[in-house]
Every structure is written in structure tokens, then in C-alpha cells.
Amino acid sequence: MTDTSVDPPRTPRRSPAGAAEAPRPAARRGPRPGPTRPDDGNATAATRPAGTRPTTTARPAEGTTGANRSVPSAPSAAGRSAPGAAGAAGSAGPTGADLHLDLPATGSRRSALMDALREAIRSGRLAPGTRLPPYRALAADLGIARNTAADAYAELVAEGWLTARQGSGTTVAERAEPVPPTRARRSSRPPRPAHDLRQGQPDAAAFPRTAWLAAGRRALTAAPNEAFGPGDPQGRRELRDVLADYLARARGVRTDPDRIVVCSGFAHALRLLFDGPRAVLPARTAGSLAVEGYGLAFHRGLLAAAGATTRPLPLDEHGARVGGLAEDPEIRTALLTPAHQFPTGGPLHPGRRAAVVDWARGRGGLVLEDDYDGEFRYDRQPVGALQGLDPERVVYLGTASKSLSPALRLGWMVLPDHLVDRVLAAKGEREAWASALDQLTLAEFIDSGGYDRHVRRMRRRYRDRRDRLVGALAEHAPHIEVTGIAAGLHAVLRLAPGTERSVLKAAAYRGLVLDGLADYRHPLLAAEAMPATDGLVVGYATPPDHAYPAALEALCAILPPPL
């Protein structure tokens with residue numbers, strides 16, 4: 001069909017001298033000869049004439065005048081805008097990856113953009129092969145004209161900083177001069193050991209990914225909109241509801257959801273209780289804190305940093321000797337592991353459980369119960385929580401670190417009624433709480449029965465690990481006594497006096513990581529109250545299944561022969 005459209009007449013322009021110029025000819029259809037902008041990443045072969053390819057010739061630098069200034073090429077039909085019209089950058093157009101560039105407030109926008117891109121490439125912030133956003137999207141982000149961004153891209157292509165290819169957009173070119181190598185930062189993390197038998201870590205490979213993912217999907221689908229808001233310092237109600245039921249059923253805890261405060265783990269709970277200007281039990285008024293003679297040095301250090309003075313309680317085969325609490329009037333709080341003494345093993349004797357609760361009632365004090373691995377019992381009935389004897393004098397502290405993973409950073413405090421508001425005040429309105437989404441997922445995981453199934457499965461697996469450890473020692477080192485194996489995720493191997501240090505050196509030589517018993521002894525525990533013993537703390541839950549046999553072999557190889 002013949003095109004009968006007629007271009008409207010053009011108004012004659014005047015030259016700088018005021019003389020009228022002849023009208024320009026009508027716009028040509030098809031490609032305009034001469035330089036073009038780099039591909040914006042949105043044009044296709046169908047938008048360009050067959051047999052042509054984009055050129056990379058740049059527009060002349062801004063600031064040229066007179067006869068030396070050439071006529072700039074027109075933008076493509078997909079990205080045409082008036083030169084210098086910054087407002088055009090805000091119009092609808094394609095979007096691309098975000099690119100942070102700092103441009104000075106004054107001066108040529110084109111030169112500033114080119115300098116910023118060169119510096120980003122030169123410093124290595126934009127690596128070779130990085131795809132840049134379309135020039136129209138970049139212009140919109142920076143508030144500059146599209147022509148300015150297109151010209152900057154074209155000039156940098158011509159200089160070799162960028163490359164432009166039809167249909168692929170603009171990318172950072174391979175540079176002839178690489179970024180000068182920076183000094184490698186020395187990592188403070190030790191290299192991964194050949195064999196890992198450290199205590200306190202569950203088998204990371206056994207995390208129930210599929211069941212957790214399904215629980216998370218269900219939880220997010222059912223979550224109310226307010227769950228994605230600021231949140232409640234006490235923790236999600238959904239999690240506190242199911243925790244109250246689960247802890248009552250599985251651990252004998254007496255509580256209701258309003259007395260549970262969700263935290264980010266045991267260390268976080270200690271900080272809320274003892275550290276900071278709003279501490280619940282400030283060191284200046286709480287008196288001395290009794291702790292077990294063997295325990296985690298990390299926890300003792302945390303308490304010391306908060307200003308608390310810790311007094312060690314000697315241990316025997318019945319757990320902590322709590323009778324000494326009444327002899328020191330300055331002690332008002334005791335931190336214990338009643339269900340499974342850490343790390344020596346064994347529950348607190350029933351008579352001593354009753355005695356420590358009676359002491360707390362008479363002294364007006366508190367018992368902090370660390371139930372770190374209460375779910376894992378093998379050869380005896382589970383020992384119920386000490387909190388069940390007196391909910392107003394015992395603070396129950398639990399976490400998901402041993403049963404699921406320390407990566408979750410989820411724990412809970414079951415508090416006496418008079419401490420709930422004080423703990424919430426210590427947390428504050430904008431404290432770094434545990435993720436509400438993880439709380440919702442854990443609530444669904446427990447409520448659906450997935451948590452119970454996982455614990456039962458891991459209980460069988462860890463019991464098998466323990467039995468294999470005991471069997472290997474019986475075969476290769478029958479003279480080594482093993483204790484603390486009725487529960488938990490670790491065992492204690494008793495060594496002959498004076499051999500612990502040499503055994504640990506031999507273990508390090510073979511790439512075997514484990515702990516010595518001396519590392520857990522309180523520095524103020526008197527030898528006459530409890531003589532020191534040599535030993536190893538072996539975490540049999542840590543290695544994955546395929547690595548466990550080699551770890552046992554390495555362990556047996558470093559044990560000393562019988563005397």
C-alpha cells in the first residue's frame with residue numbers, strides 16, 4: 001500500500017546570525033548512518049535492520065563548540081528522549097540491577113558518570129563480566145538524562161572499559177590492567193579438622209531439612225499479617241503456646257504461655273538476667289552466683305564480664321554438692337545442670353534436688369536450671385525438670401541448639417511470674433530478638449509432631465554412636481574408663497594422672513579435635529574440695545555418619561597404653 005501521509009511543514013530555523021535556514025528534509029525511515037548508542041539490553045534483532053550491528057563510536061565530549069562539534073546521533077526508538085531532559089529519566093522503562101554510584105553535585109553529568117564507572121571498575125567493585133543496568137534504568141536511578149547515560153556508556157565502550165553486544169546489554173570488559181592484589185585477610189577461624197569430636201554440637205547433616213521446610217511453608221501460609229511486623233519481645237504466641245504444652249508433657253515443666261519468654265539461646269538468656277543497665281539480677285545486688293565446679297568457661301566468662309562473682313560447687317557421683325550453699329550467706333543464685341551435669345555426666349541426686357529448692361525458698365533466691373540436652377536419655381527414664389518442684393524459685397532455660405541446630409538461635413526462658421515483666425524490660429522494645437519466622441516454623445514443627453519424630457530418630461542415632469564408641473574403647477583401650485554415657489551427646493574418658501596434655505598434643509598431630517577435662521574446671525575450685533582428674537570430653541554426635549568410623553579410629557590411636 002502506498003504511504004500517502006504528508007509530513008507537516010517545518011518552521012524555518014535561524015542561524016546564530018539571524019539568517020533563516022532551509023527547512024530540514026523529512027525524517028528518513030530506517031537506520032540513521034553514523035555512531036549509535038550501546039545496546040540497552042532490550043533491543044532485539046527485529047528492531048534493527050538486517051545485516052547491521054551496533055557500533056561503539058562515542059559521542060564527542062561535552063563542552064566542544066563551533067564547527068568542531070558534530071551533530072549527535074539520535075537515540076533509538078526504544079529509548080528516545082530530549083537531550084538534557086532529566087525529567088525523562090523518570091518515565092516508564094526497563095529496570096535493571098541496582099548500581100550504586102556517587103556523583104558530585106556540580107559539573108558535567110556525563111563526565112561525572114564516566115569517572116564514577118571507571119573508578120568502580122578500577123577498584124574491582126565492578127568485576128569483569130558484570131552486567132550493567134540499561135542506560136535508561138541507570139538514568140532514572142541517578143536523575144540524569146537518558147542521552148547522558150547513553151553517551152557515557154558509548155564512550156567507555158570505545159575506551160575499552162565496557163563491551164556492548166546486541167541483545168546482551170552492556171557489561172564490564174576484561175581489563176588489561178587488573179586490580180592490584182590486596183593483602184589477604186588472615187582468617188581467625190582455624191582450619192577444618194580431619195576428625196571432629198568436639199562436644200555440644202549435633203550432627204549438622206541430620207538437620208530435618210525436608211520436614212522443616214514443609215513446616216515453614218505451612219506456618220507462613222497460616223501466619224497473620226501482623227507476624228511480619230515489629231513483633232512481640234516475649235516471642236510469638238504460637239510458639240509459646242506449643243512450648244507450654246510440649247515442656248509440660250516431655251520435661252515436666254509447670255508453666256503457661258504468659259510465663260515463657262523466647263530468646264536467642266542460653267547465652268542470650270544469661271545476658272538478659274545479669275548484663276546491661278536493665279539486668280534482672282544485677283551483680284551489685286544479686287550477690288555471688290554459685291556454679292558447678294566443672295562447666296563451660298564461656299558461660300563463666302560471660303558472667304564475669306557482667307560483674308558477677310561465681311563460686312564453684314564441688315561435684316561427686318551424685319552431682320553438685322549443694323549443701324555448701326547454706327554456708328555462704330552471699331550466695332542468692334545457683335546455676336545448675338540437674339538433669340545431666342555438664343560435662344562430667346549424671347543427674348543431680350533426688351535428695352539434692354529437693355535440698356536446693358528448699359535453699360532457694362529459705363534464702364529468697366533463685367535456681368537457674370540449664371536443661372541443655374534434656375531430650376536425650378538412653379539407659380534410664382528421663383529426669384524431669386527441677387522447675388516442676390517450685391516454678392516460683394526456678395528459672396528453666398532450654399534451647400533448640402542440641403535437638404535441632406545451634407544455627408536456629410532459638411531458646412526459651414520459663415520464668416517465675418514476678419520476673420516476666422523485668423525480663424521483657426531488659427529485652428526492650430527494639431532488642432535483636434529471635435526471628436519471628438523461625439519461631440512460627442518451630443511452633444508448627446512441634447505442633448505437627450515433626451519435632452517429636454526428629455528427637456526420637458536422633459535419640460536412636462546418638463545411642464548407636466555412643467554404643468560404637470564404647471565398643472571401640474572396649475576393643476582397643478579397655479583400660480580407659482568411660483563415664484556420663486547414660487544421656488547427652490558426649491562422654492568423658494578418664495585418663496591416668498598427668499597424661500591429658502600429652503594426649504591432646506597427639507590428637508592435634510593427627511588432626512583430631514576434642515576437649516580436655518581440665519578446660520572445664522573452675523579456676524577457684526580448691527583441690528582439697530575436689531581433686532583434679534585427667535580426662536577427655538568426646539562429642540560423639542558431631543561427625544556425620546560417614547566420618548564417624550575414622551574419627552573413632554583416630555581417637556583410639558592417641559589413647560595412652562595401660563600403665
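The values are calculated or read from the model by the stated rules, or taken from the named source; none is laboratory data. Keep in mind it's a predicted model, so treat the numbers as computed, not measured. With ideal geometry, Cβ positions are generated from the backbone for all residues, glycine too; neighbour counts draw on all protein chains shown. The area values use the complete protein model at the heavy-atom level, side chains included, leaving out ligands, DNA and RNA. Shrake-Rupley method; radii C 1.70, N 1.55, O 1.52, S 1.80 Å.
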> Give me the pairs: first residue in the range 539-553 and more than 16 Å from ALA507 (Cα to Cα), second residue among the basic types (Lys, Arg), beta-carbon distance under 7 Å, and six or more apart or on different chains, which are they?
Replying inline: ALA541/ARG465; THR542/ARG198
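Look through ALA557, ALA474, ALA518 and report the one residue that is of a type in the set (Gly, Ala, Ser) and either within 35 Å of the chain's Cα centre (by Cα) or in a loop (DSSP other than H, G, I, E, B) (or both). Break it down stepwise before answering.
Working: ALA557 fails: either within 35 Å of the chain's Cα centre (by Cα) or in a loop (DSSP other than H, G, I, E, B) (or both); ALA474 fails: either within 35 Å of the chain's Cα centre (by Cα) or in a loop (DSSP other than H, G, I, E, B) (or both).
Just a single option satisfies the conditions, and that option is ALA518.
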>> So ASP519 ticks every box in (1) of a type outside the set (S, T, N, Q); (2) in contact (Cβ under 8 Å) with a residue 60 or more places away in the chain; (3) in contact with a strand residue (DSSP E or B) (Cβ under 7 Å, 6 or more places away or on another chain) but one. Which box is left unticked?
In response: (3)
> Based on what the data block shows, is VAL383 in contact with a Lys or Arg (Cβ under 9 Å, 6 or more places away or on another chain) and in a loop (DSSP other than H, G, I, E, B)?
Replying inline: yes
> Looking at the range 305-347, which of the residues that are buried (at least 24 other Cβ atoms within 10 Å of the Cβ), under 37 Å from the mean Cα position of the chain (by Cα) and hydrophobic (A, V, I, L, M, F, W, C) is modelled with the lowest pLDDT?
Replying inline: ALA308
> From the set of residues in the range 403-418 that are over 17 Å from the mean Cα position of the chain (by Cα) and of a type outside the set (A, V, I, L, M, F, W, C), which is surrounded by the fewest Cβ atoms within 10 Å (Cβ to Cβ)?
Replying inline: HIS418
>> Of the conditions (1) open to solvent by 20 Å² or more (accessible area, probe 1.4 Å); (2) acidic (Asp, Glu); (3) under 24 Å from ARG249 (Cβ atoms), ASP421 satisfies every one except a single condition; which number is it?
In response: (3)
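Counting just the residues of the range 270-304 that are over 23 Å from GLY346 (Cβ atoms) and charged (D, E, K, R), which one comes out least open to solvent (accessible area, probe 1.4 Å)? Break it down stepwise before answering.
In the first step, residues of the range 270-304 are kept if they are over 23 Å from GLY346 (Cβ atoms); the result is 270-288, 301-304.
Those still in the list that are charged (D, E, K, R) too: 271, 275, 278, 284.
Numbers: ARG271: 104, ASP275: 70, ARG278: 136, ARG284: 200 Å².
My answer is ASP275.
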> Which ones in the range 204-231 are among the acidic types (Asp, Glu) and at pLDDT 95 or above?
Replying inline: none
> Among the candidates VAL383, VAL367, which residue alone is in contact with a strand residue (DSSP E or B) (Cβ under 9 Å, 6 or more places away or on another chain), open to solvent by less than 10 Å² (accessible area, probe 1.4 Å) and in contact (Cβ under 8 Å) with a residue 24 or more places away in the chain?
Replying inline: VAL367
> Has the range 479-500 got any residue that is assigned to a helix (DSSP H, G or I), modelled with pLDDT of 95 or more and open to solvent by 10 Å² or more (accessible area, probe 1.4 Å)?
Replying inline: yes
> In the range 353-364, which residues are open to solvent by 50 Å² or more (accessible area, probe 1.4 Å) and not small (Gly, Ala, Ser)?
Replying inline: ASP358, ARG361, ARG363
